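Taking it in order: structure first as structure tokens, then the write-up.
The values are calculated or read from the model by the stated rules, or taken from the named source; none is laboratory data. Fair warning: this is a prediction, and the values are worked out from it, not measured in the lab. Cβ atoms come from the backbone with ideal geometry, glycine included; neighbour counts cover every protein chain shown.
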Amino acid sequence: MKRCERLLPLGVLLCLAVGLPACDDSRRRAGGEGEGEGDGAEGEGEGEGEGEGAEGEGEGEGEGEGAEGEGEGAEGEGEGEGEGEGEGEGAEGEGAEGEGACDPSLSVTPLVLGEGACPIWQATPPAHPLAFAVAAHDRLVVLVEERGAGTMTYRVEEWSLEGDSITRAVVLEHVVDLSGGEPFPGSYLARAEDGTVAFGYTWPGFSAPGKIVIGAAGWSVLLDAPGNYDAAFLSSGELLVEALGLGDDVASGQGLYRAALLSPERIELQQVVGELGDYSAPVEVVPGLVVAGGFFKDETRLFGFAPEVLEGELVSATDAGSLLLSGNVSGLGLLPAGTWRAGPALVLSLVNADWSFAGLSLREVVPGDAAPFALGVSTSLLEPGPEGGSITNLAAGAGIVVVLLGNGADDRLIALGPRE
């Protein structure tokens, strides 16, 4: 974990322009756990706790340009998509045979396993993943970057584990002209069931100007999205975005926004949740549940919503959502009901007050007494080892949790399954 690391879309902005302590690059996929006052977090409904830490984003409004269509051969910013395959040199995979089979011989060093998880496979990525989503037990969709002469290419690839190698296939490419400055790529990649993906980036500056790309092989659209921090698909045609605004005709301000993809040429935009803190935090979706967060003064708060609550007019997070957790949340995944637990389950990466990794844990979302949703007891998945250790990113899906250890040359992907 390095503060103000460029992997965060707004980390440098916050450290230099706003001065928040929440500038760690653990962002949505990293962190630790702890309970009680100061460190970690406590679930609301099962008990409350106080904590510090979380990530934030710069305030302000950005200019909106609406949707810009992109397709094969399209010119302008973010042009071109393509398909192709190739094997990453040096890519190694272990334990990929036998879906869901635990392999106790796999090491998670420098971390140690908690009582609730076991390793299924591990692999050395052929390129540094900025973000990734789990498409299948042995298949990831990954965001990588490549610098050119005055350009930055963001490429979404599909990585398939095949024995001791990773096969790479390009899903789409998006090229950014660097004449206006180098953007910070977001450390998130959203993926819908039909293969549509979304990712974003922002530029330095107090208004946090940014863009979000939505597309698949052969097509993409570009939306103005100042301060975009995270995104998740509500359905194959509906994207939820945590940002300071979306498009050019939607009220700006920190909150949760919805983009309805009626067609590549027609997108309806709406802010669906307001009063969601001062800065953005993660958002995740599974059937029957939307979890969205906000950074409030000195802590991250996660709220649970029934999806139908987001179909009407703008609602307040505190009025329409169930407060699930408050504390040092720096990474979030969400597993659907019937996978690791009977109900949906949060995968939480939390940090201590000093931003050191404290652990990765699982908490089931259960019916609440005073609210629709609450959190069950915590189960440890990963813990710091004798020499510490941390997680750079995480994603949950297809019944597994995949974590990225390292931040460059020492990258390692590890898939975790439930310990029986």
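The residue that is nearest to S316 (Cα to Cα), counting only those in the range 248-277 that are surrounded by 15 or more Cβ atoms within 10 Å (Cβ to Cβ) and among the acidic types (D, E), is E275.
Residue count for the range 277-292 under the criterion of being touching a Phe, Trp or Tyr at 6+ places or on another chain (Cβ under 8 Å), at pLDDT 95 or above, of a type outside the set (V, I, T) and farther than 14 Å from N228 by Cβ: the result is 1. Summed over the range 327-346, residues that are modelled with pLDDT of 95 or more and either surrounded by fewer than 24 Cβ atoms within 10 Å (Cβ to Cβ) or in a loop (DSSP other than H, G, I, E, B) (or both) total 10. I'd like to know if the range 152-169 contains one or more residues that are more than 21 Å from L256 (Cβ to Cβ), in a strand (DSSP E or B) and basic (K, R). So far as the range 152-169 goes, yes, one or more of its residues are more than 21 Å from L256 (Cβ to Cβ), in a strand (DSSP E or B) and basic (K, R).
Against the conditions (1) in a strand (DSSP E or B); (2) within 17 Å of the chain's Cα centre (by Cα); (3) of a type outside the set (S, T, N, Q), V365 satisfies every one except (2).
Taking the conditions (1) part of a strand (DSSP E or B); (2) out of contact with any strand residue (DSSP E or B) (no Cβ under 9 Å at 6 or more places or on another chain) in turn, V290 satisfies each one other than (2). Criterion applied to S380, S349, S356 was being of a type in the set (S, T, N, Q) and buried (at least 24 other Cβ atoms within 10 Å of the Cβ), and the one residue passing it is S349. The residue pairs whose first member lies in the range 195-217 and is in contact (Cβ under 8 Å) with a residue 24 or more places away in the chain, whose second member is surrounded by fewer than 24 Cβ atoms within 10 Å (Cβ to Cβ) and polar (S, T, N, Q), and whose beta carbons are closer than 8 Å, counting only pairs six or more residues apart or on different chains, are T196/S236; I214/T196; G215/T196; A216/T196. Being in contact with a Pro (Cβ under 7 Å, 6 or more places away or on another chain) and either surrounded by fewer than 20 Cβ atoms within 10 Å (Cβ to Cβ) or farther than 20 Å from V403 by Cβ (or both) is a property that does not hold for E173. Only residues that are surrounded by 23 or more Cβ atoms within 10 Å (Cβ to Cβ) and among the charged types (D, E, K, R) were counted across the range 132-162, and they come to 1.
Among the residues of the range 230-242, those identified as at pLDDT 95 or above and either aliphatic (A, V, I, L, M) or in a loop (DSSP other than H, G, I, E, B) (or both) are A231, A232, L234, L239, L240, V241.
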